[in-house]
Amino acid sequence: MNKKQEANAIVIESITQALLELMKVKDFSSITVTDLTKRAGVGRVSFYRNFESKEDVIRKHLAALLEEWLKPYEGRTDYNWSEVILEYYFKNKDLYIMLYRQGLAHISLQSVKDACGPKPEQPNALAYVTAFIAYGIYGWLEEWFKRGLQETPKEMIEMFKQESIFHSQ
């Protein structure tokens, strides 16, 4: 990474952290780009060079988190995918609960769809299956968040194993 790219990465990180900090004390809808750039210590031009909107800051942050999280699992099949997903969201629970409480659950849903949902180039049958999976995962996570993440990921997995709906009749 050259110096210009490094400097821009710092700007992006500063803006992202500023928005997350402001969201802890203010409603997302009341945060202005001016508030954000002032808190981040950058100019408005820097904001608009990197982001289209405040929502874009969140989308890109979630995409980066997911990308980083997925790296150790690339090409592997020796893990329990449901436990891995739950552990990721549990680890980042403060962020996702804040998004939910701020009325930004749709951005969380989009990040799940981006990660494992349908892609335009997929044949219809595969797109329908991946849509089913993505919305199912999101519904599962959203309900867990609504209920305050009372269970750990391991407890969630055990709960699913015990429920009769998941057993052959």
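The values are calculated or read from the model by the stated rules, or taken from the named source; none is laboratory data. Small disclaimer: the values here were computed from a predicted structure and weren't measured. Cβ coordinates were reconstructed from backbone atoms using ideal geometry, including for glycine residues, and neighbour counts include every protein chain displayed. SASA here: full protein model, heavy atoms, side chains in, ligands and nucleic acids out. Shrake-Rupley method; radii C 1.70, N 1.55, O 1.52, S 1.80 Å.
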Completion exercise
If one compares the long axis through the Cα atoms of helix 105-116 with the longest principal axis of the Cα atoms of the chain, the angle in degrees, nearest 10, works out at 70
Handout entry: Dipole moment magnitude, nearest 20 debye, the range 37-127 about Cα centre, only Lys, Arg, Asp, Glu C-beta charged
Key = 580
Handout entry: Angle between the chain longest axis and helix 3-23 axis [Cα atoms, degrees, rounded to 10]
Key = 70
Practice task
In debye, nearest 20, what is the charge dipole magnitude of the chain about its Cα centre with +1 on Lys and Arg Cβ and -1 on Asp and Glu Cβ, if you could check?
Solution key: 660
Problem - Separation between Cα centres of the range 53-77 and the range 19-36, rounded to whole Å - result: 22
Handout entry: Residue-normalised accessible area of the chain, given per residue in Å² at a 1.4 Å probe
Key = 64
Completion exercise
Labelled set (1) 0.94; (2) 1.02; (3) 0.98; Rg/Rh (Cα atoms, Kirkwood Rh) computed from this model equals the value at (2)
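Roughly speaking, what is the stretch gain from Ile157 to Val84, that is 0.36 nm per residue apart minus the C-alpha to C-alpha distance, in nm to one decimal?
Working: separation 73, 0.36 × 73 = 26.28 nm, distance 1.04 nm.
This chain segment gains 25.2 nm when fully extended.
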Handout entry: Estimated distance in nm for a label pair at Ala7 and Asn124, the labels positioned 7 Å out from Cα along Cα-to-Cβ
Key = 5.3
Completion exercise
About its Cα centre, the range 1-46 carries a charge dipole, from +1 on Lys and Arg Cβ atoms and -1 on Asp and Glu Cβ atoms, whose size in debye to the nearest 20 is 140
